[in-house]
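**Q** What follows is a structure written as structure tokens; I'll ask about it next.
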Amino acid sequence: MMKRDEAFRILAEHVRHDIVVSTYSSAFDWLEIRPHALNYVAVGAMGLASSHALGLAIGRPDRRVVVLDGDGSLLMNLPTLVTIAEVAPSNLVYFVSVNRTYEANGGHPIPGSSFVDFSAIAKGAGWLKVHSHSELEAFREELPSILSQQGPVFVSLHAEAGRATPSNYAFIHSDKAREQFREHLAAV
């Protein structure tokens, strides 16, 4: 199994002026790897990254929207996968880090941790482009092809937590984070 931060470092090489919607553990990794004004941090309730990303993809069809979610968060809002498949935003790429735990809440196992298959769920929800990766080098090789596909695209990253990053809850919950994103999005 690969490390999430290593996979995100590879992704960061390909993300330039995209909107990146992330949540909790994924957000903390991403904010350290790629600080940028177009990072949108979806916090407040687990599961909101998918809904927020869909709204941004619809509202800004001129920008690719990349989602960095966790499996525990996705479980909180699985119906959004069906809605995204129905709306079919061509500019949305969804990465879910699968480590089979509620990492941000103490590492407790998610329901179905021994058998749940998020790629199969995405396919069953109507996603036509679904990928799954557990090896870093294979992910590195396929990523340019994944990002060149018309969305929506779903990618399961079987990735455990990597190097510890600061959990800056004060920033992700701050007005500053929201205002910085809002101002930059309006300017581009």
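The values are calculated or read from the model by the stated rules, or taken from the named source; none is laboratory data. Everything numeric in this text was worked out from a predicted model, so none of it was measured. Note that we place each Cβ from the backbone using ideal geometry, even for glycine, and neighbour counts take in every protein chain shown.
**Q** Checking the structure you have, find out if any residue of the stretch 6-22 is in contact with a Leu (Cβ under 8 Å, 6 or more places away or on another chain) and basic (Lys, Arg).
**A** no
**Q** I'm trying to understand the selection: among the residues of the stretch 125-158, which are part of a strand (DSSP E or B), out of contact with any Phe, Trp or Tyr (no Cβ under 9 Å at 6 or more places or on another chain) and within 25 Å of residue 61 (Cβ to Cβ)?
**A** none
**Q** Further question: If I ask for residues that are at pLDDT 95 or above and either among the β-branched types (Val, Ile, Thr) or touching a Pro at 6+ places or on another chain (Cβ under 8 Å) (or both), which ones from the stretch 111-127 would you list?
**A** Of everything in the stretch 111-127, those that are at pLDDT 95 or above and either among the β-branched types (Val, Ile, Thr) or touching a Pro at 6+ places or on another chain (Cβ under 8 Å) (or both) turn out to be 121, 127.
**Q** Please determine, by comparing only the residues of the stretch 23-63 that are within 15 Å of residue 11 (Cα to Cα) and among the acidic types (Asp, Glu), which one is surrounded by the most Cβ atoms within 10 Å (Cβ to Cβ).
**A** In this case the residue turns out to be 29.
**Q** Just the residues that are in contact with a His (Cβ under 9 Å, 6 or more places away or on another chain) and more than 28 Å from residue 161 (Cα to Cα), please, taken from the stretch 55-101.
**A** Result: 63, single match.
**Q** Consider residue 70 carefully, then state whether it is touching a Phe, Trp or Tyr at 6+ places or on another chain (Cβ under 7 Å) and crowded, with 18+ Cβ neighbours inside 10 Å.
**A** yes
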